[in-house]
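**Student:** Next up is a structure, given as structure tokens.
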Amino acid sequence: MRKAILSLSVGLLLLSSCSKEKDLYQQPQNQEENTADQIQQNVLNRFGVNFPSDQDWSTTVKSSITVTANANLNDIVKVQILTQSPYGNTDAKVLNEVEATNGQTVEIFFDAPSTLTRLYAACVSKTNQYYIKGFKVGTKSLSFTSSASARRKTVAQSIINQISALPEPVIDSIETSYAKERGYEGFDNCLLYLMGNRETYQNQIITMADYDEDVKEDMKDIILTYFPNKVSNIEKIRGSAYYNESSYPITTGGEDPIVLSPIYKDDGGYHEVENCDLYYYYFKDEEIAIMSEEERVQFFKNLPKYKAIDLMNSVATGGKSTGMKDKELKKHTAYTLIFWGEENDPEVGTKGSFIFPEGYRIGFMLRNNGPKFEGGKYVHRGELYCDGRLNKEVNKWGHLASAKLGDTDARLAWLSVNNKMFLCCESGTDRDFNDVVFEIEGGIDPFTPMPIDVEANSYAYCFEDTQLGDYDLNDIVIKAKRINSTTVEYAIVACGAYDEIYVRNINQGAITDGAEVHALFNVGQQTFINTQHGQTNTPITVRKTVAKTFSFTDPVTQPYIYNKSKDLEVKIAKAGEDPHGIMIPNDFRYPLERVCIKDAYSNFNNWGQNPINSTDWYNTPTEGNVY
């Protein structure tokens with residue numbers, strides 16, 4: 001057997017709960033070996049169920065992948081393997097990282113939660129800019145460039161060719177804004193400019209090649225991880241680098257037109273998005289250079305607003321549709337932004353250009369033409385700005401007020417990732433900012449993505465220190481991290497045992513095979529460490545050099561415990577054994593003293609009885625029962 005066994009020659013005290021004071025299920029020293037039947041009966045008493053022989057208690061998969069660091073990113077210094085998209089996502093963790101420079105190919109070994117079927121590779125610059133690409137678990141090699149890059153270059157020329165064949169754009173009509181009609185403060189001269197009727201306007205649409213399937217999956221993951229559905233994401237926007245005054249990208253000039261592609265919408269049954277138009281306005285920095293903030297806001301309110309995109313999906317009004325379907329991410333059409341000259345009061349008949357000169361700032365406004373009519377007004381209707389300082393009144397208007405946004409909160413927000421810029425809009429009230437999403441590209445300078453700092457993934461080794469345990473699995477808790485390809489970190493974080501206990505197979509720094517755990521914490525042997533509420537003993541932490549092929553799942557290198565009081569070694573459980581030692585691939589909240597793991601994690605037994613059920617059981621603790 002993988003552990004020496006001492007047992008009991010006298011009757012066993014078998015209780016149906018997991019309570020203990022001095023670890024009630026520790027057998028006296030120098031007793032006979034416990035039989036398999038006694039262990040099985042104890043498991044049944046503790047858990048109320050028996051576990052099948054095919055349960056190997058495995059939660060983690062060892063893997064490797066070869067990555068070429070050829071992402072479109074300057075000054076690459078390393079490649080990482082991540083559990084999730086890292087953009088605005090604290091749940092994303094680094095499984096391993098390897099130093100690399102632009103174009104270099106490296107092999108990365110890592111341990112991943114077995115619940116995950118898709119991971120991310122990331123090229124990371126010296127300023128912590130990320131470029132990510134998803135891959136299926138089991139993929140053996142990955143490159144950040146592909147034939148899609150060549151196609152995108154062809155598409156860019158295709159856009160120019162299509163635009164050159166379009167009729168010259170002309171302002172056909174002028175409308176009054178909702179803000180002006182309602183008498184919102186400062187919008188006295190706010191007018192909207194259109195190129196013509198819907199049939200004429202549709203002629204300004206150009207055809208775009210859709211994303212490759214792998215890119216599409218990446219983009220959907222990124223966007224909906226950053227702005228998850230039905231979650232208030234306003235704090236992310238308030239804390240971003242693209243808020244209010246800083247929400248205006250700048251044009252680059254040259255031969256590239258600026259095009260907007262609506263790529264995603266989610267009406268949620270409220271018909272908000274399908275009745276929205278997108279408008280834009282523009283200015284130069286020198287026009288506002290000597291203005292106060294109040295004067296700038298006043299200036300922005302009354303700049304001409306030009307229609308960029310007609311109704312997102314005009315089914316409700318009988319017009320033509322953009323072809324967008326709910327919750328489908330797809331690039332199929334794009335709309336050109338037209339430069340109408342430098343004047344701030346253009347007239348009907350003004351002709352425009354498909355190319356913007358260099359140095360103009362562009363702002364965006366989503367016009368919600370919502371159909372719901374209550375109390376003598378259309379309660380969904382309003383003009384919603386990326387610059388939140390223009391939203392003071394509309395954030396309090398009709399049904400839109402139930403979003404409870406502040407006076408200067410944005411309604412449109414930028415997400416800059418993988419050299420792409422996405423405009424993400426909140427047209428309604430749930431503040432998730434993914435009601436409709438546009439990609440903007442061409443003659444515009446992308447915002448520099450915000451730096452990202454992703455933590456290393458944590459793994460937990462949790463042990464019982466006796467054969468007839470109480471299964472709170474906190475007699476010894478070790479947490480481990482892979483810092484880089486050749487460095488790992490171990491920390492003894494808890495000890496719920498009264499016996500003389502040693503952690504073996506780390507043998508680094510203070511944690512040697514001969515170092516008793518209680519002594520490491522400078523406490524007496526009859527002392528629990530970080531297994532009860534209110535205890536905050538500092539973990540004993542060391543770092544160790546390992547091989548590049550190292551795995552936390554390898555039995556040869558895994559830490560285990562030695563109970564000297566019982567002359568008993570306890571290692572990670574194998575198939576057919578009781579769960580006396582398990583490894584968990586996250587920053588595990590282990591059970592408190594006197595709490596069985598089945599009571600700390602309600603799905604533990606489901607997983608224990610069938611290894612394909614509730615495989616993410618460790619993500620749903622019962623509050624009050626875990627440390």
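**Student:** Using a 1.4 Å probe, what is the accessible area per residue for the stretch 507-560, in Å²?
**Tutor:** Details: 2820 Å² over 54 residues.
With all protein chains present, the stretch 507-560 gives 52 Å² per residue.
**Student:** Helix 147-164: angle to the longest alpha-carbon principal axis of the chain, degrees 0 to 90, nearest 10?
**Tutor:** Approximately 20 degrees, to the nearest 10.
**Student:** Within 13 Å, Cβ to Cβ, of HIS533, how many net charges do the neighbouring residues add up to if Lys/Arg are +1 and Asp/Glu are -1?
**Tutor:** Summing Lys/Arg as +1 and Asp/Glu as -1 gives 0.
**Student:** Could you pull out the pairs from LYS220/LYS481; LYS220/LYS420; LYS566/LYS598; LYS136/LYS216 whose alpha carbons sit more than 23 Å apart here?
**Tutor:** Pairs exceeding the cut-off: LYS220/LYS481; LYS566/LYS598.
**Student:** May I ask which residue of SER58, ASN34, ASN74 lies farthest towards the positive end of the charge dipole of the stretch 29-117, with charges of +1 (Lys, Arg) and -1 (Asp, Glu) on Cβ and the Cα centre as origin?
**Tutor:** Of the candidates, ASN74 comes out farthest on the positive side.
**Student:** Figure the gain on full extension for GLU99 and THR117 (residue separation times 0.36 nm, minus the Cα-Cα span) and round it to one decimal in nm.
**Tutor:** Value of the extension gain: 4.0 nm.
**Student:** Continuing with the same structure: Of the heavy-atom accessible surface of the chain (probe 1.4 angstrom), what whole percent is carbon and sulfur?
**Tutor:** C and S atoms contribute 47 percent here.
**Student:** When the solvent-accessible surface of protein heavy atoms is calculated with a 1.4 angstrom probe, in what order do ASP587, ASP599 fall, highest first?
**Tutor:** The ranking, largest first, comes out as ASP587, ASP599.
**Student:** For ARG589, what accessible surface area do you get with a 1.4 Å probe? Give it in Å², rounded to 10.
**Tutor:** 90
**Student:** Skip the ligands, DNA and RNA, and give the accessible area per residue of the stretch 382-487 with a 1.4 Å probe, whole Å². Mind dumping the intermediate values first?
**Tutor:** Details: 2450 Å² over 106 residues.
Result: 23 Å² per residue.
**Student:** Would you mind classifying the stretch 329-460 by shape? Square roots of the alpha carbon gyration tensor eigenvalues, ordered a ≥ b ≥ c; an a/c under 1.5 is rounded, otherwise it is prolate if a/b is larger than b/c and oblate if not.
**Tutor:** Oblate shape, in that a/c is at least 1.5 and b/c is the bigger or equal ratio.
**Student:** Also, quick follow-up: By average Cβ neighbour count within 10 Å, what is the ranking of 105-115, 56-66 from highest down? Could the numbers behind the result be given before it?
**Tutor:** On the way: 105-115: 19.3, 56-66: 17.2.
Descending mean neighbour count gives 105-115, 56-66.
**Student:** Grab the DSSP H runs of the chain that are 4 residues or longer, score each as -39,500 (n - 2.57), total them, divide by all residues and round the 222 nm result to the nearest 500 deg cm²/dmol.
**Tutor:** -3500 deg cm²/dmol
**Student:** Count the net charge of all other residues whose Cβ sits under 12 Å from the Cβ of PRO585, scoring Lys and Arg as +1 and Asp and Glu as -1.
**Tutor:** +2
**Student:** Shifting gears a bit: Can you give the angle from 0 to 90° between the axis of helix 213-226 and the longest principal axis of the chain, with both taken from C-alpha atoms, to the nearest 10?
**Tutor:** Roughly 80 degrees, rounded to the nearest 10.
**Student:** Can you work out ³J(HN,Hα) from phi for every residue in the stretch 473-489, in order, using Karplus 6.51 cos²θ - 1.76 cosθ + 1.60 and θ = phi - 60°, giving whole Hz and x for Gly and Pro?
**Tutor:** 6, 10, 4, 9, 10, 10, 10, 9, 9, 9, 6, 7, 5, 10, 9, 10, 10
**Student:** Compute, for the chain, the length of the dipole vector about the Cα centre, with Cβ point charges of +1 (Lys, Arg) and -1 (Asp, Glu) only. Units Debye, rounded to 20.
**Tutor:** I would put it at about 740 debye.
**Student:** Something else: Which cross-chain or sequence-distant (5 or more) residues have an amide H under 5 Å from the amide H of THR487, H modelled 1.01 Å from N in plane?
**Tutor:** Hits under the 5 Å cutoff: VAL546.
**Student:** List the residues, sorted by chain then number, that are 5 or more residues from GLY443 or on another chain and whose placed amide H is less than 5 Å from its amide H.
**Tutor:** HN-HN under 5 Å from GLY443: ILE258, VAL259.
**Student:** What FRET efficiency comes out for the pair ARG543/LYS404, r = Cβ-Cβ distance, R0 = 56 Å, nearest 0.05?
**Tutor:** Once the sixth-power term is evaluated, E becomes 0.75.
**Student:** What's the FRET efficiency of ASP326 with GLU294 using the Cβ-Cβ distance as r and R₀ = 41 Å, to the nearest 0.05?
**Tutor:** Calculated value: 0.50.
**Student:** If you take log10 I(q)/I(0) by the Debye sum over Cα atoms at q = 0.05, 0.09, 0.11 Å⁻¹ from the coordinates, which of [x] -0.23, -0.75, -1.09; [y] -0.35, -0.94, -1.26; [z] -0.32, -0.82, -1.02 do you get?
**Tutor:** So the calculated entry is the one marked [z].
**Student:** May I ask you to evaluate 6.51 cos²θ - 1.76 cosθ + 1.60, the Karplus curve with θ = phi - 60°, for each residue of the stretch 445-452 and list the ³J(HN,Hα) values in order in whole Hz, giving x for glycine and proline?
**Tutor:** Going residue by residue, I get 7, x, 4, 6, x, 5, x, 10 Hz, with x marking Gly and Pro.
**Student:** Note down the accessible area of MET583, probe 1.4 Å, to the nearest 10 Å².
**Tutor:** Per-residue accessible area (MET583): approximately 10 Å².
**Student:** In the stretch 88-123, whose amide N lies under 17 Å from the spot 7 Å out along Cα-to-Cβ of THR620? List them in ranges.
**Tutor:** 115-116
**Student:** On to the next question. Describe numerically, in nm with one decimal, the distance between label points set 7 Å from Cα along Cα→Cβ at SER164 and at LYS372.
**Tutor:** So the two model labels end up 4.8 nm from each other.
**Student:** Assigning unit charges at the beta carbon (Lys, Arg +1; Asp, Glu -1) and nothing else, what dipole magnitude in debye, to the nearest 20, does the stretch 416-486 show about its Cα centre? Walk me through the numbers before you get to the answer.
**Tutor:** Numbers: 5 positive and 14 negative charges, 76 e Å.
Charge dipole, the stretch 416-486, about its Cα centre: 360 debye, nearest 20.
The values are calculated or read from the model by the stated rules, or taken from the named source; none is laboratory data. Since the structure is predicted, the reported quantities are computational estimates derived from the model, not experimental observations. Glycine also receives a Cβ, built like all others from the backbone with ideal geometry; neighbour counts cover every protein chain displayed. Ligands, DNA and RNA are stripped out before the accessible areas are found, and what is left, the full protein with its side chains, is counted by its heavy atoms. Shrake-Rupley method; radii C 1.70, N 1.55, O 1.52, S 1.80 Å.
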